[in-house]
Each structure stands twice: as structure tokens, then as C-alpha cells.
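A.B. asks: One structure coming up, written as C-alpha cells, with questions to follow.
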Amino acid sequence: MDVPDRGRMAWIRDPGGASVGLWQEKGFAGSVRANEPGTNIWNELTVADPAGTGQFYSDVLGVQTQQHDMGPDNPPYTTFNVGDKTVAGTMALDGDMQPHWNVYFNVDDVDAAVAKAEQLGASVVAPAMDVPGRGRFGYLRDPQGATFNLMQNPPRA
């Protein structure tokens, strides 16, 4: 469908079962800011077959995929890359999760932001944890049931 003076959009379901929106810019290019507090810092696809679904996005969007070894006790992690920039990732479903895209918002202090979100009616899906070399994140469900993550960058060296 057309969004007058802005662009064209479509909602699809990928072969892994996750819904996603596609946008063709015609006057509104999208986010101006990212990777700073209060803005999007990461997007992550969770599906049963990350490699196969990753190939779908490569074919449709032209992104390149790259698998990363996550150690002997973990499945590989696949990233989506545009040129030399990593723009998103994908991982295998865990437990009874449904296929989905999840957004990460950057915050200065994950623990304080999680506490504030809980005060405002969010529930914690997974406690805040550190990801070595990447930062600290918390996984939440808002009062309407949508899930999202809060991510704090690691301290600068």
C-alpha cells in the first residue's frame, strides 16, 4: 500500500513464520538517529531455521549472511550484513517461543530502565544479563503483550 508522500509498505510473513514490514522510501527515508539512548540499536529474528530463513532475506533484500561460532554449547549466530555493516541478527527459537522479529532499544542503564518499565506495567521475560563484548540487555513484555529488549552499550575502553 502507498503512504501518501512518504513511501510504499507491505507486511509479509517470512518462510520461518515471522511477520515483518517492508518499506520503499518515497519521501521518508526512516530513522534519522540510531544506536544512542532512546533509539533502536539492534533487530533480531528468532526462527526455527535461522540459516534457511536468513537465505530468504538475502534473496529478497540483498543482505549478506554470516554465521558466527558461539561456542561448543550454543548454536551458531547468523548476522545480516549490508556492505561492511552488520544490521541485524537471527537465532534459533528457544522453548515455546513463536517466530518473531524483536527490537532492541538503547538505554544508558539497563537495570534502571527495566525497573522503570516494570513500574509502568511491563513484565520481565528474562532478567537483565551481560553479553561479553556487546553490553547488557533486558528482555521485557509491555502491558499490551509485545516483547522488546533494552540494551546498554559496554563501557568504552
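A.B. asks: Are any residues in the stretch 62-87 at pLDDT 90 or above and at positive phi, and if so, which ones?
C.D. replies: Scanning the stretch 62-87 gives 62, 83.
A.B. asks: Which one is surrounded by the fewest Cβ atoms within 10 Å (Cβ to Cβ) among residues in the stretch 89-109 that are touching a Phe, Trp or Tyr at 6+ places or on another chain (Cβ under 8 Å) and farther than 20 Å from residue 145 by Cα?
C.D. replies: Looking at residues that are touching a Phe, Trp or Tyr at 6+ places or on another chain (Cβ under 8 Å) and farther than 20 Å from residue 145 by Cα, I get 91.
A.B. asks: Evaluate the stretch 138-145: report whether one residue or more is surrounded by 12 or more Cβ atoms within 10 Å (Cβ to Cβ), in contact with a strand residue (DSSP E or B) (Cβ under 9 Å, 6 or more places away or on another chain) and either farther than 23 Å from residue 19 by Cα or polar (S, T, N, Q) (or both).
C.D. replies: Checking the stretch 138-145: not a single residue is surrounded by 12 or more Cβ atoms within 10 Å (Cβ to Cβ), in contact with a strand residue (DSSP E or B) (Cβ under 9 Å, 6 or more places away or on another chain) and either farther than 23 Å from residue 19 by Cα or polar (S, T, N, Q) (or both).
A.B. asks: Something else: For residues that are touching a residue at least 40 places away in the same chain (Cβ under 8 Å) and of a type outside the set (Asp, Glu), scanning just the stretch 6-33, find the one that is farthest from residue 148 (Cα to Cα).
C.D. replies: 15
A.B. asks: Moving on. Please specify each residue of the stretch 127-137 satisfying the condition of being closer than 13 Å to residue 110 by Cα and loosely packed, with under 12 Cβ neighbours inside 10 Å.
C.D. replies: Selection gives 127, 129, 131.
A.B. asks: When you scan the stretch 39-93 for strands (runs of 3 or more DSSP E) that lie fully inside it, which ones turn up with 1 or more residues that are hydrophobic (A, V, I, L, M, F, W, C)?
C.D. replies: Answer list for the stretch 39-93: 40-47, 77-82, 85-92.
A.B. asks: Tell me whether the stretch 15-38 contains one or more residues that are surrounded by 14 or more Cβ atoms within 10 Å (Cβ to Cβ) and on the phi > 0 side of the Ramachandran plot.
C.D. replies: yes
The values are calculated or read from the model by the stated rules, or taken from the named source; none is laboratory data. Please read all numbers here as calculations on a predicted model, not as lab measurements. Backbone-built Cβ (ideal geometry, glycine too); neighbour counts: all protein chains shown.
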